[in-house]
Amino acid sequence: MSLPPAPTDAGKAPDHPRRSQFALLRQRRFLPFFLTQFGGACNDNLFKNALLVLLVSGAVAGERVDTLVNLAAGLFILPFFLFSPLAGQLADKYDKARMIRWIKLAEIMIMVLAALAFQMRAWGPLLALLFAMGTHSAFFGPLKYAIIPQHLHAEELVAGNAQVGMGTFVAILLGTIGGTLLAGRPDPAAGIGAAIILVALLGWFASREIPAAPAAAPGLPLDWNPLRQLVALYRGIAPQRTVFFAILGISWFWALGASYLTQMPHFAMSVLGGTPPVIALLLSVFVVGVAAGALLCARLSGPRIEIGLVPLGAIGLSLFGLDLSQAAAMVAAGTQRLGPLALSEHLPMLRVLTDILLLGLSGGLYVVPLYAHVQAHTEPDRRARVIAFNNILNALFMVAASVLGILLLGVAGLGMPGFFLTLALLNTAVAALLFARAPEFLSGMRASMARRTRRR
């Protein structure tokens, strides 16, 4: 089903021929925001991964490493639970462009302090600053997806979300690789400090060009109790069945993506018998797949929000997850360490890379229409709070995915092929529940296929 645009502030579609989806990147109402969010996602991962690599590379006494690494992961995600309700209220109450600029100024201050802490090898303050960056991201999240419908026309929502999704995953990849490489240098502190400050400054300069985005609910009274706000948000969203299940679908995507990305290094080294560059190759292939899927979604959707693409993406996530588990089982981890080029000489390895690429592509097809649907069918004066609720569920699902990985791989000793098989089966179960409770997604797929058949 192609749902018509909801009566939001996205505005009426301008009457013009269909343009390239990249036309938005040439317009001030989108490009500065795109660059701002790209820099923020990159800096989050650059800082976090540089810190984690230093912690596990012998910079800290061995008996403290595991504790600090797990503490770091928890400190980054905790602010999403604590501050997302307040962040959503503030984003609805005040001008979003102005709030983004204040948040980017806070990022500069955090990164300056982090650069000093890296020089001093002050691990306690660095962990506190990681919590501060998590807080920065928690406040930026509702602004990020609530400002898109305010600056884009209704027919541009899918293209805008596709490019933001593409940019976010590319930024995550660049930050992850950049932080890892910088932390591996002989004198890492100077390089890490310079990089995180530079990225923060560039993000702030870009944010200065974001057009005004006036408050949607200027009279909103602030509720400082996060639990009470969370309950109120749930009660307000749950009756909107398709919006609520779209949010659950988005959260499942982030849990699934986190599961695959987290296990890629272990999979590359222990199953594929690869060298460290193979890790970067696998991560890159997955991210390229997600970016390609997001752009393909925009291409297939055109001016509509094609929620019928969601079942297609879900089917791909299950099928290619199943095939990846079989391909992984076929690959014997020998004593030879393989580099990225050597992988191409082995057919099972090519199958693994193809599965990972198509998993990412299916994820892009799956998640972009869900974000656009939530934006278009949520009232403008509470859209940021709905996005904040979505962010809390995303964080909760990703924590659950981490626990699942620990239980299946660490406690049960399932092995990577069995773990991938479990993810594919879980995705099938989640998709069946989602489409049973919100059949509009399946009817949307049938309607989309019928339209394409008629065009032929």
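Read the figures in this text as sums done on the coordinates, not as results from a lab. If you're wondering where the values come from, they're calculated on a predicted model, not measured in any experiment. Because the Cβ atoms are built from the backbone with ideal geometry, glycine has one as well, and the counts that use them run over all protein chains shown.
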Margin query: What FRET efficiency comes out for residue 222 versus residue 330 if R0 is 45 angstrom and r is the Cβ-Cβ distance? Round to the nearest 0.05.
Written below: 0.20
Check: Just the Cα atoms of the stretch 225-456, one point each, no solvent: what log10 I(q)/I(0) does Debye give at q = 0.08 Å⁻¹?
Finding: -0.33
Check: Charges only on Cβ, +1 for Lys and Arg, -1 for Asp and Glu: so what's the dipole of the stretch 22-222 about the Cα centre, in debye to the nearest 20?
Finding: 360 debye
Check: Which Cα, out of 418, 278, 99, lies furthest along the positive dipole direction of the chain (beta carbon charges, K/R +1, D/E -1)?
Finding: 99
Next item on the list: Just give me a number: lysine pairs in the chain, eight or more positions apart or cross-chain, with C-alpha atoms less than 23 Å apart.
Entry: 9
Notebook entry, point to check: Using a basic spin-label model with each label point 7 Å from the Cα along Cα→Cβ, how many nm lie between residue 299 and residue 187?
Noted result: 4.8 nm
Checklist line | Gain on full stretching of the segment that runs from residue 28 to residue 269 - 0.36 nm per residue minus C-alpha separation | finding: 82.4 nm
Next item on the list: Read phi for every residue in the stretch 316-325 and hand back ³J(HN,Hα) as whole Hz from Karplus 6.51 cos²θ - 1.76 cosθ + 1.60, θ = phi - 60°, with x for Gly and Pro.
Entry: x, 4, 6, 5, 6, x, 4, 5, 4, 5
Check: Which of 170, 311, 192 sits farthest toward the positive end of the charge dipole of the chain, with +1 on the Cβ of Lys and Arg and -1 on the Cβ of Asp and Glu?
Finding: 311
Check: About its Cα centre, how strong a charge dipole does the chain have in debye, to the nearest 20, once Lys and Arg get +1 and Asp and Glu get -1 at the Cβ?
Finding: 1080 debye
Next item on the list: Would you pull out the residues with amide H under 5 Å of residue 305's amide H, same chain only if 5 or more places away, H placed 1.01 Å from N?
Entry: 3
Checklist line | Ordering of 282-294, 317-329 by packing [mean C-beta count within 10 Å, highest first] | finding: 282-294, 317-329
Check: Given labels modelled 7 Å from the Cα in the Cβ direction, how far is it in nm from residue 403 to residue 120?
Finding: 3.7 nm
Checklist line | For the chain, the Rg and Dmax computed from alpha carbons only, in angstrom | finding: 21.7, 67
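Where nothing but the Cβ of Lys and Arg (+1) and of Asp and Glu (-1) is charged, how large is the charge dipole of the stretch 225-456 around its Cα centre, in debye to the nearest 20? The partial results should precede the final answer.
On the way: 17 positive and 7 negative charges, 179 e Å.
Taking the Cα centre of the stretch 225-456 as origin, the dipole is about 860 debye.
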